[in-house]
Amino acid sequence: MPLGDRGGDKSEARFCGVETDFSDDMPHVITFNLATGKFDFVVAPLTDPTYRPSLVQKDSFGSASPPFAGSDLVLSPSQWSSHVVGKISSWIDLDSEDETVRLDSETTLRQELAWASHLSLQACLLPAPKGTSCANYARCVNQILQDLSNMQLWLRISLVVPDDDSMDANSATLVDSWETWNSFRLLCEHHSQLSVALDILSSLPSANSLGRWFGESVRAAIVNTDSFLTNGRGYPCLSKRHQMLITRFFNHNIQIIISGNSGNPKASVDANDFHNRSVADSQRHPLRLYLDYVGHLYQKMDPLPEQERFELGYRDYLQSPLQPLMDNLEARTYETFEKDAMKYIQYQRAVSKAMLDMIPDEEASTKTIVLMVVGAGRGPLVRASLQASEETGRKLKVYAVEKNPNAVVTLHALVKLEGWEDIVTIVSCDMRYWNAPEKADILVSELLGSFGDNELSPECLDGAQRFLKPEGISIPSSYTSFIQPVTASKLYNDVKAHKDVSHFETAYVVKIHNAARLAPCQSVFTFTHPKPVDSESNQRYKKLHFTIPNDTGSAMVHGFAGYFDAVLYKDVHLGIEPSTATPNMFSWFSIFFPLRSPICVKPGSTLEVNFWRCCGPKKVWYEWCVTSPTESPIHNCNGRSYWVGL
């Protein structure tokens, strides 16, 4: 049964598993651990651990059947699929120098994975590589992956990082376990069906080192009972750092698996215990108290906020950016953006401040401000501006300029419904080609994209700037783009699945969730409105240097997450850059610039990145590349794969 109810959470992280020993009575294994223990699935060996192919006596036909854990008929197909994760024999060593061991290991691996596939298991747990070299192991797994239908392979990796401060002769052979995983997945060509099952030990590496794993394809976390402490009441519990890590696993859809023997002396439970489980059940299953504690951590989590529930379906889902000048938005797109109350609250604040600065109180009754909303859509900025007018007591004359004829229909209906006919003039025209009858005091627009300028706000406002008074105010007055390097295995694999270069040279709008942010954001391009010099080009170039913290360990850069921050007016800002992001706003997700070949960075090293914003007569595009520690190709040369049409 699930760990509990958490509002809005329907992820697989609600289900907890248990690692079991070999048994040839699988129905009993399922009954004992699921019905009695209340776990949701078992991680169970598929063959007798004493089995070695080279020692098996073959029959007269030269064949032998491995000692599997029962026939496929002992459980129903749905039970095998839903409640069993196959555990590949832990003794196998495909890189052993002993040829007999190596050949036995290869044969057993293939036999067990073939059996698991026959049973329609959803996943199998592969044992950790035995040494620093795993080439033959990875080769065999990669061969199997080529013909595997839907089953996931979880490579067991212990969460180990060498501590430089405590290294001695005995620990000199200890390697960063991320390096083992990275070597294995590179040999397997980043296969999307190869994932990680992290073994959580009693000591944890640094927060930065842990953080890298959240950008990797981690499916499960195996928590050994040795990692648990005993609280003052005699029950198992985890350290604060372990608790935070488990909670983070829940938030990233990583399932918990309890492993090991019960070392807890508690023989029974008190009636007022936090998990309220029956004494009989706890006594019957030795790991029940550990499951109850994990369930307690899950139930302590706050329900998902409404905004996160809205964003769930968009997490790590790649979307092509809008083409705002070439395409007209659909009604449902307008509706989604219009529901973002915080955005329009900020715009209203900015317009109010601009009005108060423009007209003193003593002139409020005699002067009228001319305000133009360029790119008015279905009218939310018109409404925000009129509410600012009412709030400040300033008179307003509004021009609502919109190129989408379908949105103009809605605008006319809104103006008539609200009785704004004497205040609002609707102009059905592209702002770049409109000849305004008078100059504007305030120019308001919401042309920003996830990267600030990626939906052609500079080009559009350049065309509209000619009808702004010399002392006029533009809202927004400036905006800056930001990037940071990220590990994002899922995003990389989703792009890679297209099997072409063009998708690796496209920037995607995406709600990035399963990612490791490897260094703080840095600013890229800034645009100011109105332009200080009319002749200023909208082309830009920036070279950036990111330093990977020493305690992170090595990490893989799959691409760059992009954001923006905009100054609407004076101290009123709007943005999605993580350190200054406007709360409770969902109009913009971040942007993702992928790399065709991921780049491995070492702790303390510098990542040198180059970004260009290029402009042509009919399109605007970005180019990007890495020049250190190794060179990447320049992506999207001449906008061959991705561009925004003028």
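The values are calculated or read from the model by the stated rules, or taken from the named source; none is laboratory data. What you are looking at is a predicted structure, and each value in this text was computed from that prediction instead of being measured. Reconstructed Cβ throughout: ideal geometry from the backbone, glycine too, with neighbour counts over all protein chains shown. Keep in mind that these areas ignore ligands, DNA and RNA; they rest on the heavy atoms of the full protein, side chains included. Shrake-Rupley method; radii C 1.70, N 1.55, O 1.52, S 1.80 Å.
Here are labelled values, [x] 29.0, 99; [y] 31.8, 105; [z] 30.0, 108, and one is the computed Rg and Dmax of the Cα atoms in Å for what I pasted. Which one? The value computed from this structure is option [z].
Distant-in-sequence amide contacts of CYS237, defined by a placed amide H-H separation under 5 Å and a gap of 5 or more residues or a different chain, comprise LEU229, THR230, ASN231. Separation of the alpha carbons by more than 26 angstrom is noted, of LYS353/LYS511; LYS439/LYS570; LYS38/LYS300, for LYS353/LYS511. Relative to one another, the C-alpha centroids of the stretch 520-583 and the stretch 593-646 are positioned 15 Å apart.
Counting Lys and Arg as +1 and Asp and Glu as -1, what is the net charge of the other residues whose Cβ lies under 11 Å from the Cβ of CYS521? Let's see the in-between values first.
Numbers: positive: ARG517; negative: ASP565, GLU577.
Result for the neighbourhood of CYS521: -1.
In summary, the aspartates and glutamates within cross-link reach of LYS10, defined as a Cα separation below 19 angstrom excluding same-chain residues under 8 places away, comprise ASP40, ASP302, GLU306, GLU308, GLU311, ASP316. I'd like the distance between the alpha-carbon centres of the stretch 352-393 and the stretch 206-241, rounded to an integer number of Å. Between the Cα centres of the stretch 352-393 and the stretch 206-241 lies a distance of 54 Å. Taking amide H as placed 1.01 Å from N in the peptide plane, ASP93 has its amide H under 5 Å from the amide H of SER105, each at least 5 places away in sequence or on another chain.
If you stretched the chain out fully between THR547 and SER120, how much longer would it get, using 0.36 nm times the residue separation minus the C-alpha to C-alpha distance? Don't jump to the answer; show the numbers that get you there.
Details: separation 427, 0.36 × 427 = 153.72 nm, distance 4.52 nm.
Net length gain for the segment: 149.2 nm.
Relative protection proxy for 398-409, 616-627, 96-107, 478-489, from highest mean packing down: 478-489, 398-409, 616-627, 96-107 (other beta-carbon atoms within 10 angstrom). For the chain, DSSP calls about 50 percent of its internal beta bridges antiparallel. Rolling a 1.4 Å probe across the protein heavy atoms gives the chain an accessible surface of 43 Å² per residue. Report the FRET efficiency, 1/(1 + (r/R0)^6), for ALA413 and THR368, where r is their Cβ-Cβ distance and R0 is 25 Å, rounded to 0.05. Once the sixth-power term is evaluated, E becomes 0.50.
Which of the GluC sites (Glu not before Pro) found in the stretch 289-363 are loop residues per DSSP with 16 or fewer other Cβ atoms within 10 Å of their Cβ?
Working: sites: GLU306, GLU308, GLU311, GLU330, GLU335, GLU338, GLU362, GLU363; in loops: GLU330.
Qualifying residues, ordered by number: GLU330.
Within the accessible surface of the chain, defined with a 1.4 Å probe on protein heavy atoms only, the carbon and sulfur portion equals 51 percent. Listed by chain and number, the lysines placed with their C-alpha closer than 19 angstrom to that of LYS130 are LYS87; residues fewer than eight positions away on the same chain are left out. For the residue pairs LYS343/LYS397; LYS542/LYS619; LYS469/LYS531; LYS343/LYS619, the alpha carbons lie more than 24 Å apart in LYS343/LYS619.
Among the trypsin sites (Lys or Arg not before Pro) found in the stretch 493-526, those both in a DSSP coil and sparsely packed, with 16 or fewer other Cβ atoms within 10 Å of their Cβ, are LYS499.
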